[in-house]
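**Q** Okay, here's the structure, questions in a sec.
Just so it is clear, none of the values below were taken in a lab; they were calculated from the coordinates. For clarity, every value in this text was computed on a predicted model and none was experimentally measured. Methodologically, a virtual Cβ is constructed for each residue, glycine included, from the backbone with ideal geometry; neighbour enumeration extends over all protein chains shown.
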Amino acid sequence: MRDDVHEPVAGSTMWRGDSIQFAFGLGDAYGPEYAVSKGDSGAEVARFSTGGAIDGPEQVQVAASRIGDYTTYEARLPWTAIAAERPADGRLPFTLLINDNDGTGRRGWIEWTPGIGKAKDPSLHAQLHLIPSDEPWSMWVEGQEQAVVGDPIGYTVYAANWDSVPVELAFASDAIDAASVFELPASSVAVLELDYTASVAGTHELDFTVSEAGGPSFEHRVVLEAALSAADIEALLDGLETELPALELLLTQAEGQGLATDYERVNYTVIADFIGYGRDDIANGRLPRAQYVAAALRELYDEAEATLNAVLADEAEPVAAPRYVSGPYALSGYSFVGDTTVRSSGVTEERPIFFTGYGHFGQVRADIPKFQDLGANMIQIELGPRDVIMDNRDYIYGYNVYRSGGAEATAAYAEGISHTGDRSLKIENDSPYQANVFINVTQTLTVEPSTTYAFSAWVKGEGARNVWFPGGPGWKKRQAFPGGTYDWTQVTTTYTTGPSETSFPLVLLSENSGTIYIDDLSVTKAGDTLNLVQNPGFEELGGYDPAKDYVVSSAKINSDIRQVLQRAEEHDIAVNLLISPHYFPAWALSRWPELNVPNSGGIKFSIFHPTAQAIIADYLAALIPAVDDYDSLHSITLTNEPTYDTRVDPYALPAWHAYLADVYEGQIAGLNAAYQSGYVGFDDVPMPSGMTPDRRTYDYVLFNQDYFASWHEWLADVIHDLSPELPVHAKIMGDPKGSLAWGIDVERFSEMSQINGNDNWNYIHEGAKGFMEELSFYDMQASFREAPVFNSEHHVIADGDAQYTPEQARHVRASLWQSAIHGRSASTFWIWERTYNPAASSEGSILHRPDVVAAIGRTNLDLNRLAEEVTALQHEEPLVAILYSTASGIYAPDYHQVLLRAYEAIAYSGQKVGFVSEQQAAAGGLDDYKVLVVPQATHVEAATLTAIRAFAEDDGELLLIGAGALATRPDGTPSSAVELADVQSHAVTVAAGRSAAQLREDLQPLLLSAVPERLQVIDGASVPPSGSSLPPAGDVAWRSVTLEGRTLLNVMNYGAAPTVAAVIQDGEWAVAFRDLISGSAWGAELTLAPMTPYLLEVTDWQLLNKDS
């Protein structure tokens, strides 16, 4: 590839720098996905998704070179690094992406086909046709997989003759009703063009066969999804719209009788909104999606109608859910506790609250009144320093100033020069007239259609030329101000708005040299005296102080944030406010170039530079007192996906040198021995250019984490000085491995926050692995601080995802439910916006999917209805822990992969997973656990090894994964041989390469010894359970807890097919259950549907026989 600037990023975040990514998608499952980058030490490979690979990324050979502007990447993969076996049909879904970074962060990417950069979707990949070397000829087919009934779709069949002699071939297709025989010359390609027209909507399987008489035959099948025509879909939506009043009547009847309609109201509200959205899809040519919308709405309608009829006929019990009421809440362990009310009964109660809603821009503001009816109770909005800290050069309160074409002109307050009052507006222009060279001062007014307005301005000129007002649509209304030099003169005009006009851009524009003063602006509706102009006499300064370098303006806070908080408070919607310091004023970076840092993340300013700190502090001083009294304000999110790289911040260099001097106790010889270097002093030591598993990188990672965490602690302190009780958290990304390069110490962020904040994700194509990665991060944060987990950018639909199927809604419901079980008590989902721009990040988002919106709302109602039970599961004390070691994450390339496999093994063993950091272990944090898993933690502090030794000697069960576990200290010296040998003598040690299923087997004897009374979910194929070996129930994860004498079981089947399971505990077999979510009764056999939450209460037990 050709690239003028090569800026790589090392490690698991290499996608942020110049690199390539490539992915496979066999069996409709995404992955594996690899990345290759060229750094100073050569080519590096990373794997972001395992997919069907059975070997690790270490089996992938990579090379890279750069000559001039050209970078060449090479990769060689064994099949086992892609899948267990080659595809039987010879077709390999594959695509490639190239990332670009020119030194200021990832600029973007280009893809061969979609399927990596946004949605991780194998259906979007290209198809590689693998040609065996001995194959004399081949065939393949290209064509669309989506169509509209009645529209012909073209398909192209290719037949390539690789041989040196001609071959006679026959083509046939039953679906298309076509056949032909042709001779294909040597070393040539035949092309057959065919059309197919679907006559009915649905799935069509098209067959294409090319065969040689007496020789090979090849078949290619295309699955075509045919959508209804626009008229047919419109008719479906019209029908729903016609029926909707009948559903509303049922709701009104039930509510009039005091019957709960919480869930049915969600369905109704979704239908009412999405009928219009479906029509928008039709108008914009998105017919397959429009048909999906219509079908989903029909299901929601029929479900709500059936339930309401049954409730009104006294054939079903109505189901009510407590709802959040605007007001203060308390933090209690992993829960938010506050006032709730039940709509149907009016009963109020203080109880745990689960917050669920959406972010993050304009649409959430507009939809505040309807969110409770959608089952939601929270939004996230954002503001940044650029919205409050203004350049005083161009600041006029209530107005915007804009220059075009490099105009040398200013707009400012004129003190002591006015028509009335103390000041006026002065526009001074030194640029002679040229096309598109001007300065303007603008304000947008709200107006009424088909209405006449009177405009007035008092002006004073000093050589004024070519100045006019008032603008309007397209700036077509231009009333000239007098030219020349003159005293105060009134200029007036009128304007009548159009039939659909609701806003009017008031424009004061100078496009020639000269100076003009403007005062006492007035815009009034005919027959009225109300002046529509804000700050018409330029008397309000709005924070302007000519003695300061910038203006602290509260205009945006007052006109936007406070208005949202007030509306949210009135409609019982909690608001999380993201203060977005990465929206730093661009003018400040221009005025003070020393603030600029080419950080690869969103923060582009030197965080500890005094000028930057002053700007952030002034921003917060204006914001926090203005918002902290609103009952709707839930919490403050400090930063969005924060990352920082002190290597690109010169201001951080003295701090780095001081840090090293402290670590090495002022002895440069100690550093030189560790680095194998010859530095004269600490001030000579640069930060490392790459991320390699050595002591220099270890020191840098810890310094970078400390530097960034300290800045977040400073932010929190500034806020708490202004509002001591206001909870804060940061939106750190849910990737512990990536955090090493991002400056994120997960434990330190938990310690400094009142809420465990994150930005986490779980996409449908990731399958069970996606759940393990998502849930493990929640469990990790919850282990570091007993506080609620808040995913304030909950990603469940990948940007650009074009898969519109019911499975998406099931996946989202499973993620929302399971994440709550694992400590997450609040979520705002990405993203509550619609678009028809395929390149937009909101393409394919939640607001295009009615069944997903309904699933989120109904699941939130379930969580709040069953909050006591879910909270009990959240607060279960874990008995099994995984050792979390930052040093091992740096030194052992596979540490995090082994950690995830260990987590999966424990989760599939029915145990809550705790994480214990080295710091916690040294402070006695192992005392509460019975089993400890050490996942390839090769480098640990001496105090950690001592703590593990004490744990093992105190009869704790210990599983060491990897022969080198605990063998080395972070400084590279060997661990105590005596202590290590003692630990190993108490432990079970297994190889680092063991799979999650194998680790699960390794764990069972330890769990049997440590927790013999534990509840187990087993394969239910043989009921009642018997025998000494009880196999686990497939891809089933479960957790159990006792609440007030009730045995509760949360269970989830992560597999692709239903699983039959049974439950045993301490010599008994559970033979009867009640599903608390659905209310249904179950017998001994549990048939668990895929991706479906079950919260079961055991209602009857039976003794097992002696052989069990």
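**Q** From the C-alpha gyration tensor of the stretch 877-1012, pull out the three semi-axes of the equivalent ellipsoid (sqrt of 5λ each), sorted largest to smallest, in whole Å.
**A** 21, 16, 13
**Q** At a 10 angstrom cut-off on C-beta neighbours, averaged per residue, how do the peptides 441-447, 379-385 rank from highest to lowest? Walk me through the numbers on the way to the answer.
**A** Details: 441-447: 16.3, 379-385: 22.4.
Highest-to-lowest ranking by the protection proxy: 379-385, 441-447.
**Q** Beyond 28 Å between alpha-carbons counts as too far, so tell me which of K38/K737; K118/K737; K548/K731; K118/K604; K370/K556 fall in that bin.
**A** Violating the 28 Å limit, Cα to Cα: K548/K731.
**Q** Turning to a different aspect of this structure: Using modelled backbone amide H atoms (1.01 Å from N, in-plane), which distant-in-sequence or interchain residues come within less than 5 Å of T444's amide H?
**A** When sequence neighbours closer than 5 places are left aside, the close amide H contacts are L506.
**Q** Still on this model: Under 23 Å between alpha carbons, and skipping anything fewer than 8 positions from K460 in its own chain: which lysines qualify?
**A** K426, K477
**Q** When you count, for each residue, the other Cβ atoms within 10 Å and take the mean per peptide, how do 306-315, 56-65 rank with the highest first?
**A** Highest to lowest by the protection proxy: 56-65, 306-315.
**Q** Charges only on Cβ, +1 for Lys and Arg, -1 for Asp and Glu: so what's the dipole of the chain about the Cα centre, in debye to the nearest 20?
**A** Charge dipole, the chain, about its Cα centre: 1800 debye, nearest 20.
**Q** Could you please report the charge total around N531, scoring K, R as +1 and D, E as -1 over all other residues with beta-carbon less than 11 angstrom from its beta-carbon?
**A** Numbers: positive: K525; negative: D520, D528.
Neighbourhood net charge equals -1.
**Q** Amide H to amide H under 5 Å from R969: which residues, 5+ apart in sequence or cross-chain, H placed 1.01 Å off N in plane?
**A** Amide H neighbours of R969: V940, S975.
**Q** Let me ask you something else. Check each of the trypsin sites (Lys or Arg not before Pro) in the stretch 37-93 and keep only those in coil by DSSP with at most 11 other C-beta atoms within 10 angstrom; list them in order. Can you show the working numbers first?
**A** Working: sites: K38, R47, R66, R76, R91; in loops: none.
Loop-located and lightly packed - none at all.
**Q** Summing +1 for each Lys or Arg and -1 for each Asp or Glu, what net charge is found among the other residues whose Cβ lies under 11 Å from the Cβ of G601?
**A** Once all neighbours under 11 Å are counted, the net charge is +1.
**Q** Label E868 and K525 with points 7 Å out from Cα along Cα→Cβ: what is the distance between them in nm?
**A** 5.5 nm
**Q** What are the ³J(HN,Hα) couplings of the stretch 976-988, residue after residue, when phi is run through the Karplus curve with 6.51, -1.76, 1.60 and θ = phi - 60°? Round to Hz, x for glycine and proline.
**A** 4, 4, 5, 5, 5, 5, 5, 4, 4, 5, 9, 10, 9
**Q** State the volume of the convex hull built on the alpha-carbon positions of the stretch 276-356, expressed per residue in Å³ and rounded to an integer.
**A** 163 Å³
**Q** Once you have a ≥ b ≥ c as the square roots of the Cα gyration tensor eigenvalues for the stretch 137-227, tell me rounded if a/c is under 1.5, and otherwise prolate or oblate according to whether a/b is larger than b/c. Intermediate values should be presented prior to the final figure.
**A** Numbers: a/c = 2.79, a/b = 2.45, b/c = 1.14.
It comes out prolate by the Cα gyration axes.
**Q** Can you tell me the length gained on complete extension of the stretch R76 to V718, counting 0.36 nm per residue apart and subtracting the Cα distance?
**A** 225.9 nm
**Q** A follow-up question, please. Return the FRET efficiency for the residue pair S500, S229: r is the Cβ-Cβ distance, R0 is 35 Å, and the value is rounded to the nearest 0.05.
**A** FRET efficiency, S500 to S229: 0.70.
**Q** Here is a follow-up. Nothing charged except the Cβ atoms of Lys and Arg (+1) and of Asp and Glu (-1): what's the magnitude of the dipole of the stretch 11-129 about its Cα centre? Round to the nearest 20 debye. Each step should come with its number before you reach the end.
**A** Details: 11 positive and 15 negative charges, 25 e Å.
With Lys and Arg at +1 and Asp and Glu at -1, about 120 debye.
**Q** Something else now. How big is the convex hull of the Cα atoms of the stretch 899-953, per residue, in Å³?
**A** Looking at the stretch 899-953, the number lands at 80 Å³ per residue.
**Q** Taking amide hydrogens as modeled 1.01 Å from N in the peptide plane, which residues meet the under 5 Å criterion relative to F48, leaving out close sequence neighbours?
**A** Here the answer is E33, Y34, A35, since their amide H atoms fall under 5 Å of that of F48.
**Q** Another question, if that's okay. Write down, largest first, the equivalent ellipsoid semi-axes of the chain in whole Å, where each equals the square root of 5 times an eigenvalue of the alpha-carbon gyration tensor. Write out the running numbers ahead of the final one.
**A** Details: eigenvalues 513, 314, 263 Å².
That gives 51, 40, 36 Å for the three semi-axes.
**Q** Looking at the stretch 693-758, which GluC sites (Glu not before Pro) are DSSP coil and have at most 14 other C-beta atoms within 10 Å of their C-beta?
**A** Qualifying residues, ordered by number: E725.
**Q** Taking each pair of different alpha-carbon atoms in the stretch 11-129 once, compute 1/r for the pair, average those values, and report the inverse of that mean as the Kirkwood hydrodynamic radius in Å to one decimal.
**A** Kirkwood hydrodynamic radius for the stretch 11-129: 14.6 Å.
**Q** What is the fewest-to-most order of L879, L959 by other Cβ atoms lying within 10 Å of their Cβ? Mind showing how you got there, number by number?
**A** Values: L879 18, L959 24.
Ascending number of Cβ neighbours within 10 Å: L879, L959.
**Q** A further question on this structure: Taking θ = phi - 60°, what integer Hz values does the Karplus form 6.51 cos²θ - 1.76 cosθ + 1.60 yield along the stretch 715-726, in sequence order, with x for Gly and Pro?
**A** Rounded to whole hertz, the list is 4, 4, 5, 4, 5, 6, 5, 8, 8, x, 9, 7.
**Q** Given the Cα-Cα distance of A669 and D422 and 0.36 nm per residue of separation, how much length would full extension add, in nm?
**A** Roughly 82.1 nm would be gained on extension.
**Q** Ordered by residue, what ³J(HN,Hα) values in Hz, to whole numbers, does the stretch 400-407 give under the Karplus form 6.51 cos²θ - 1.76 cosθ + 1.60, where θ = phi - 60° and Gly and Pro are x?
**A** 10, 10, 9, 10, 10, x, x, 4
**Q** What 222 nm value per residue comes from the helices of the chain, counting each DSSP H run with n ≥ 4 as -39,500 (n - 2.57) and dividing by all residues, nearest 500 deg cm²/dmol?
**A** Computed ellipticity for the chain at 222 nm equals -8500 deg cm²/dmol.
**Q** All other residues with a Cβ under 9 Å from the Cβ of T341 taken together, and with Lys, Arg as +1 and Asp, Glu as -1, what is their net charge?
**A** So the surrounding residues net to -1.
**Q** What percentage of all Cα-Cα pairs in the stretch 1013-1108 are separated by more than 24 Å?
**A** Considering the stretch 1013-1108, 13 percent of its Cα-Cα pairs are separated by more than 24 Å.
**Q** Report the gain in length on full extension from L312 to S559: 0.36 nm times residue separation, minus Cα-Cα distance, nm rounded to one decimal.
**A** Fully extending the segment from L312 to S559 adds 84.4 nm.
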